[in-house]
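Asks: Encoded as structure tokens, here's the structure I'll be asking about.
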Amino acid sequence: MLQGKYIRLEPIAHHHVDGLVAAAAGGRELYQWSPVPQSKTEAEKYVETALSWRDAGTAVPYAIIGNGDNTVIGSTRFWNIERWAWPPGHAFYRRDAPDACEIGYTWLARSAIRTAANTEAKLLMLTHAFETWQVFRVCLHTDARNERSRAAIERIGAKLEGILRAHRMAADFIPRDSARFSIIAAEWPAAKQRLIQLMNRKQN
């Protein structure tokens, strides 16, 4: 679990299903860019898929919990976790931690949008990635059409690397272009300060 002031990230589990359904009740129009479960059946499948990725070692999925009332307000995950093939004799040979990862599958309940929740979730996850795992890079992708998400990612200090054409299936079931952003280890101290400043503004 990653604990923050306003939210905490709990490893996703079956007991979060009902909370995920309630959190997603804001309507499909709110989640036109993200795959968000809209029924209990969809939420059960969503959790099962997340757990299968966790068991395969390719993802670490979380439920986002509001500390004020202990309710589920969304979900996020580390995924595309990379472990590089460092050669024998190298200082990183057989290192246990990931070398790079992606943060994605992030969505929030309508009530949590434009609050400190997303900023703190990113702060918790990036701190864990760069300071505990000591990764070299964290990537974030978003649908190239999603201007709000692109602006939010740039606001935390991530750099736009480019547009990946026909990169993934979109939430509306077309081959989407993805805007690819990243933060590398050398950029993390400055990005961390930006996140802390954003958090302080949310409090005021």
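Asks: Going through the cross-link list Lys5/Lys159; Lys40/Lys122; Lys5/Lys202; Lys122/Lys202; Lys5/Lys45, which pairs have a Cα-Cα distance over 19 Å in this structure?
Replies: Cα-Cα > 19 Å for Lys5/Lys159; Lys40/Lys122; Lys5/Lys45; rest within.
Asks: Shifting gears a bit: With every protein chain present, what accessible area does Asp177 have (1.4 Å probe, heavy atoms only), rounded to the nearest 10 Å²?
Replies: Ignoring ligands and nucleic acids, Asp177 comes out at about 70 Å².
Asks: Let me ask something else about it. Out of Gly104, Gly157, Pro37, whose Cα points farthest toward the positive end of the dipole of the stretch 1-159 (charges: +1 Lys, Arg; -1 Asp, Glu; placed on Cβ)?
Replies: Toward the positive end, the furthest listed residue is Gly157.
Asks: I would also like to ask the following. Could you size up the charge dipole of the chain around its Cα centre, putting +1 on the beta carbon of Lys and Arg and -1 on that of Asp and Glu, and report it in debye to the nearest 20?
Replies: I would put it at about 540 debye.
Asks: Apply 1/(1 + (r/R0)^6) to the Cβ-Cβ distance of Thr132 and Arg155, taking R0 = 22 Å, and write down the FRET efficiency to the nearest 0.05.
Replies: Using R0 = 22 Å, I get an efficiency of 0.40.
Asks: For the chain, state the average projected area of the convex hull of the C-alpha atoms over all orientations, rounded to one decimal in nm². The partial results should precede the final answer.
Replies: On the way: hull surface 46.8 nm².
Mean shadow area of the hull around the Cα atoms is 11.7 nm².
Asks: Could you please tell me the mean projected area of the C-alpha convex hull for the stretch 102-200, averaged over all directions and given in square nanometres to one decimal?
Replies: Reported value for the Cα convex hull: 6.4 nm².
Asks: Return a whole-number percent for the relative contact order of the chain, with Cα pairs under 8 Å and 6 or more residues apart as the contact set.
Replies: Computed value for the chain: 19 percent relative contact order.
Asks: Here's something else I'd like to know. Give me the distance in nm between label points sitting 7 Å out from Cα along the Cα-to-Cβ direction at Phe173 and Gln32, one decimal.
Replies: 1.8
Asks: So for the stretch 114-204, averaging the separation of alpha carbon pairs under 8 Å that are six or more residues apart and normalising by length, what relative contact order in percent results?
Replies: 35
Asks: Compute the accessible area per residue over the stretch 75-199, keeping the other protein chains in place, probe 1.4 Å, unit Å².
Replies: Computed with neighbouring chains in place, this is 50 Å² per residue.
Asks: Considering only Pro35, Pro87, Pro98, give the residue with the highest GNM mean-square fluctuation for the chain, with springs between Cα atoms whenever their separation is below 10 Å.
Replies: Answer for the Gaussian network model of the chain: Pro87.
Asks: Starting from the Cα gyration tensor of the stretch 73-155, take the square roots of the eigenvalues, sort them a ≥ b ≥ c, and report rounded, prolate or oblate (rounded when a/c is under 1.5, otherwise prolate if a/b is larger than b/c, else oblate).
Replies: In terms of gyration-tensor shape, prolate.
Asks: His14: accessible area at probe 1.4 Å, nearest 10 Å²?
Replies: For His14, the solvent-accessible surface is approximately 100 Å².
Asks: Can you tell me how much longer the chain between Lys45 and Asp18 gets when fully stretched, taken as 0.36 nm per residue apart minus their C-alpha distance, in nm with one decimal?
Replies: So the extension gain works out to 8.5 nm.
Asks: How tilted is helix 117-127 with respect to the longest principal axis of the chain? Cα atoms for both, answer in degrees (0 to 90, nearest 10).
Replies: The two axes meet at around 20 degrees.
Asks: For the chain, what % of the accessible area comes from carbon and sulfur atoms, probe 1.4 Å?
Replies: Solvent-exposed carbon and sulfur of the chain make up 53 percent of the total.
The values are calculated or read from the model by the stated rules, or taken from the named source; none is laboratory data. Given the structure is predicted, the values throughout are model-derived calculations rather than measurements. Backbone-built Cβ (ideal geometry, glycine too); neighbour counts: all protein chains shown. Ligands, DNA and RNA are stripped out before the accessible areas are found, and what is left, the full protein with its side chains, is counted by its heavy atoms. Shrake-Rupley method; radii C 1.70, N 1.55, O 1.52, S 1.80 Å.
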